[in-house]
Amino acid sequence: MSKQVVQLSRVIIRFAGDSGDGMQLTGDQFTSRTAWFGNDVATLPDFPAEIRAPAGTIPGVSAFQLHFADHDITTAGDTPNVLVAMNPAALKANMRDLPRGADIIVNTDEFTPRNLAKVGYAASPVDDGSLESYSVHPIPLTSLTVEALRSFDITKKEAERAKNMFALGLLSWLYHRPTEGTLTFLKQKFAKKPQILAANIAAFEAGWSFGETTEDFSVQYEVQPAPMLAGRYRNIHGNLALSYGLIAAAQRAELPLFLGSYPITPASDILHELSKHKKFDVMTFQAEDEIAGVGSAIGAAYGGMLAVTTTSGPGVALKSEAIGLAVSLELPLVIVDVQRGGPSTGLPTKTEQADLLQAMFGRNGEAPVPIVAPRSPGDCFDAAIEAVRIATTYRTPVFLLSDGYVANGSEPWRIPDVDSLPDLRVAFATEHNHTNDDGSTEFWPFQRDPETLARPWAVPGTKGLEHRIGGIEKADGIGNISYDPDNHDRMTRLRQAKVDGITVPDLEVADPDGDARVLMLGWGSTYGPINAACEIARRSGVSVAQAHLRHLNPFPANTAEVLRRYDKVVIPEMNLGQLALLIRGRYLVDAISYNQVRGLPFKGEELAGVIKDVVASV
Amino acid sequence: MKQSAKDFKTDQEVRWCPGCGDYAILAGVQSFMPELGLAKENIVWISGIGCSSRFPYYMNTFGMHSIHGRAPAIASGLAITRPDLSVWVVTGDGDALSIGGNHLIHALRRNVNLKILLFNNRIYGLTKGQYSPTSEVGKVTKSTPMGSLDHPFNPVSLAIGAEASFVARTIDSDRKHLTETLRRAALHEGTALVEIYQNCNIFNDGAWDPLKDSEHRDSLMFRLEDGQPITLVDGSRGVVRAANGSLEIADVAEVGIESVLVHDSRNPDPAVAFALSHLSDSVTLADTPIGVFRDVPRASYDSAFHAQIESAKAGGRGDLGSLLAGNDTWEIA
């Protein structure tokens, strides 16, 4: 039976259910197939911090939104076209984001009086007419799945658990997704449980057939592949791309990679990933706490490893003193901060950009640390390589400021050619670098490279270079303890000058109309929403320019010049104005700060409204 | 070229207070270092913060004076990644047991190849005289004018409780015993904790005097020697099994030397070593054992760590191109 096929240019689907319903896995699989099919994709997983919050409650709802299109997209989308609600809580929690006319697929088996009462529905919204302006598809997903799996030798509970695969099968049919990859994925996941494997495949196929045969869906949709740069692609999450970036950088530096880390959401996946890759000379050490994570990394850096520590905001707070030590010792170190909502424990699984000033200033004394921030999941790879380049070239700790949105989001990623990656090889010091008046020579650990101001990286085991370093102020050059006032003033300025002098690429501006008077300036994961907003504004005839900072310390050399070109500069941030504070302080530009700290990325439409208002006021 | 203590001295002026016990330990360590038979560049001293932590500046090897309490963590990162080095940690009772307690116990349980020298003077010296985690209850200091309330740690008991595979105690002024203890520690695979009773002559002078005074020390101190009955140096009293299973001290003349426990630092069961560490009176120092309490074989963390890496590499080294590509790709022309 063939149904009418409607062509769409983009679709936003949100899968929502209980934390245990497998929504993240379902979303991930749909994403992989969609990326593989050639659409551009962006995703937003949104899950609670509790592993299993009470079943059927709003706090327990786990959601996964994906946006796919036949053109280049940069966000997971503002409002879903389709909501898959596995229970009443999932429906209730997501209704306010749904535009009228959206499709809602509800699992009616879960719409029991008890479950409805749990979230405060007096009657089922599926039946009481309150969803009249939506296109509701009531489907008994659980019982259909159990029915389809009746012949399998598995428990009822196991059968019920496969309902997410039924839903995935249905959605895959509805949007013409290829099925092969999902089957391969299931085969790998359940390789050791053949019964469960067969059941999941059967549930997936039952969902697909249900779509084909039911009269509830009269049309099927197609979204054609998006034109993208030629090349080989894969789908990638931010934390994975960041892990790969670190491995690639270590390989290009020809150094072993050492990660000292303590588990923390949402950074732990980097520890998990790197621990799998020992054959790339990757050493991972799960330390006893955050301080030992960075401490062990400092020890490894001293020993000549490419050293990394990974954490989130609360962990950075604990590591601060040790990061100051790394500044003082002038050793290469990458500190990855996957930011989450704060302060304190805050919102562990939600995103925020509120650690910028902590990264910039969160240490005692004058302790400058370079900062690099990725703009998208795939960009985490390049940003990690850039952080390593700065750390090893300038012998300095470097912050890599990711966040929950880019870390857990995914997108199609053009796989880079290994030979095109930068050469990051470093030279350890091997000989004396100072000649005394009497002609004798010595090793001076704080004798700087005149160009980069970097000190030598002299690793233990190098004959003749025995030396002592520490957190006490050191005499310029020779490196002995020094309490001399002028020396401290000089060393403080030298450390600052070294960071200020880091070469970073110029800030690029996109202004396709060429006559914009308003600049949208962002950093980190807000790139997608700001980009979407600029496109929306431009489509409605409003000129706007966009620039996005990857380097937050130092800023690109042309930043001042770029800022002065525009009448107004708007800085949207998922904090209360941290970049804006830096820009205002540094450049004396009266930037307009637009802020939200809702644990979620900005919506493109909303930022487009901001653009229109500001442009109208110029 | 044959090394001597002189080879391990630096040109830096030693800045401990005149009369500080640290001088004796430094001299003892410097004269012991040639015994390691290692080139100077393969030895690293790492310290935290405190008077003792200035130690690396005076050792002509590689060294790092780090931050308060963190030396075991930093040294672990170095020792794990550079098994070719001999890594030594210098710390004090405040640095190791107060601010850095967590790192110390975890280093000990992991058994990373580190030799940790804990200078115990029962006082905070660098901050000018507050009580420390090893100070006796009732200690009157600047921060405890009516006497301290905290029950002290016994570093040896703590280390044994933390699964340490090597734990010893020695005294700053006893060069011979100090050297013997360092020798045993250096030979041990894994973490070795050596507590060194050290005198702070400015803020806690004489803290260990009963054990140094030649008139009384032999009746106060046990010297633990493998294969020898555990008796006070003067032989008058010895350690025996009590009826309740714990240890007690009895007159040797009364119970007979054959009833006295024979020391065995290699005993896999830590119970006896722990009980020995608890014999002494923390105020009078009566019945204080010195020597190696525990020295048992256990694979070091770093050797197991590198064995895993080697086993992962045995299947061939990683190929970056195939890693980045993964196994689910598509081509766009």
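Every number in this text was worked out from the coordinates using simple rules, so none of it is lab data. Because the structure is predicted, anything quoted here is derived from the model rather than measured. Counting neighbours? That spans all protein chains shown, and the Cβs are built from the backbone with ideal geometry, glycine included.
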Given the options B:157, B:236, B:277, which has the most mean-square fluctuation in a GNM of chain B, springs set between C-alpha atoms less than 10 angstrom apart?
B:236
Relative contact order, percent, of chain A when contacts are C-alpha pairs under 8 Å separated by at least 6 residues?
12 percent
Hull shadow area, averaged, the range B:199-333 [alpha-carbon convex hull, nm²]
17.7 nm²
Nearest 10 degrees, 0 to 90: helix A:485-500 Cα axis against chain A principal axis
40 degrees
Mark the label point 7 Å from the Cα of residue B:189 along Cα→Cβ and return the residues of the range B:263-283 whose backbone N is within less than 18 Å of it.
B:266-268
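Can you sort A:534, B:17 by how many other beta carbons sit within 10 Å, fewest first?
B:17, A:534
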Expressed in Å to one decimal, the Kirkwood Rh of the range B:43-102 from all distinct alpha-carbon pairs is 11.1 Å
Please determine, in degrees from 0 to 90 and to the nearest 10, the orientation of helix A:604-617 with respect to the longest principal axis defined by the Cα atoms of chain A, where the helix direction is its Cα long axis.
60 degrees
Once you have the Cα-Cα distance between residue A:214 and residue A:588, take 0.36 nm times their residue separation minus that, and quote the gain in nm to one decimal.
128.3 nm
Computed lengthening from residue A:344 to residue A:423, 0.36 nm per intervening residue step minus Cα-Cα distance:
24.5 nm
May I ask for log10 I(q)/I(0) of the range B:138-287 at q = 0.16 Å⁻¹, from a Debye sum over the Cα atoms as equal point scatterers with solvent left out?
-1.01
Rounded to the nearest angstrom and ordered from largest down, what semi-axes does the equivalent ellipsoid of the range A:311-440 get from its C-alpha gyration tensor (root of 5λ)?
32, 22, 8
Over the alpha-carbon set of the range A:509-617, divide Rg by the Kirkwood Rh and report the Rg/Rh ratio to two decimals.
0.93
Report the chymotrypsin sites (Phe, Trp or Tyr not before Pro) located in the range A:319-403 that are in a DSSP loop and have at most 11 other Cβ atoms inside 10 Å of their Cβ, or state none.
none
Return the percentage of antiparallel bridges among DSSP beta bridges fully within the range A:235-420, rounded to the nearest 5 %.
15 percent
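Contour minus end-to-end for residue A:490 and residue A:430, with contour as 0.36 nm per residue of separation and end-to-end as the Cα-Cα distance?
Computed gain between residue A:490 and residue A:430 is 18.9 nm.
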If you line up the Cα atoms of chain A on their principal axes, what length do they span on each, largest first, in Å?
96, 62, 46
When the dipole is taken about the Cα centre of the protein assembly as shown, and only Lys, Arg (+1) and Asp, Glu (-1) are charged at their Cβ, what size is it in debye, to the nearest 20?
380 debye
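Please report the net charge: other residues with Cβ closer than 12 Å to the Cβ of residue A:19, K and R +1, D and E -1.
-3
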Counting pairs of alpha carbon atoms under 8 Å apart in space and at least six apart in sequence, what relative contact order in percent does chain B give?
15 percent
With a Förster radius of 41 Å, plug the Cβ-Cβ distance of residue A:616 and residue A:228 into 1/(1 + (r/R0)^6) and report the FRET value to the nearest 0.05.
0.70
Report the calculated FRET efficiency for residue B:278 and residue B:243 (r = Cβ-Cβ distance, R0 = 25 Å), to the nearest 0.05.
0.90
I need two numbers for chain B: Rg to one decimal and Dmax as a whole number, Cα atoms only, in Å.
22.4, 96
Stokes-Einstein, Kirkwood over Cα pairs, the range A:235-420, 25 °C, 0.890 mPa s; D in µm²/s equals 156 µm²/s
Which lysines have a Cα lying under 18 Å from the Cα of residue B:9, excluding residues fewer than 8 positions away in the same chain?
A:463, B:40
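Considering only the range B:1-142, what is the antiparallel percent among its DSSP beta bridges, to the nearest 5?
Values: 3 of 17 bridges.
About 20 percent, rounded to the nearest 5.
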Contact order relative to length for the range A:153-227, counting C-alpha pairs under 8 Å separated by 6 or more residues, stands in percent at 46 percent
Quick one: of the DSSP bridges fully inside the protein assembly as shown, what percent are antiparallel, nearest 5?
35 percent
Kirkwood Rh in Å, taken over all unlike Cα pairs in the range A:4-223:
17.4 Å
Quick P(r) readout (the range A:427-503; Cα-Cα; 5 Å bins; whole %) gives 3, 14, 23, 24, 21, 11, 3, 0
Under Stokes-Einstein, the range A:475-563 at 4 °C and 1.567 mPa s, with its Kirkwood radius over C-alpha pairs, diffuses with a coefficient in µm²/s of 82 µm²/s
How large is the translational diffusion coefficient of the range A:126-253 in µm² per second when you combine the Kirkwood radius over alpha carbon pairs with Stokes-Einstein at 20 °C and 1.002 mPa s?
122 µm²/s
Taking Cα atoms only, helix A:578-587 is inclined relative to the longest principal axis of chain A by an angle, in degrees rounded to 10, of 40 degrees
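Quick check for me: using +1 on Lys/Arg Cβ and -1 on Asp/Glu Cβ, what's the dipole size of the range B:171-327 about its Cα centre, in debye to the nearest 20?
Around 740 debye, computed over the range B:171-327.
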Can you compute the modelled spin-label distance between residue A:7 and residue A:357, with each label point 7 Å from Cα toward Cβ, in nm?
5.2 nm
Nearest 500 deg cm²/dmol is fine: what mean residue ellipticity at 222 nm does the protein assembly as shown get from its DSSP H runs of n ≥ 4 alone, each adding -39,500 (n - 2.57), divided by its residue count?
-9500 deg cm²/dmol
Tell me, B:197, B:131 in order of fewest to most beta-carbon neighbours within 10 Å?
B:197, B:131
Charge-dipole axis of the range B:7-55 as Lys and Arg at +1 and Asp and Glu at -1 on Cβ define it, positive-most pick from B:28, B:12, B:49:
B:49
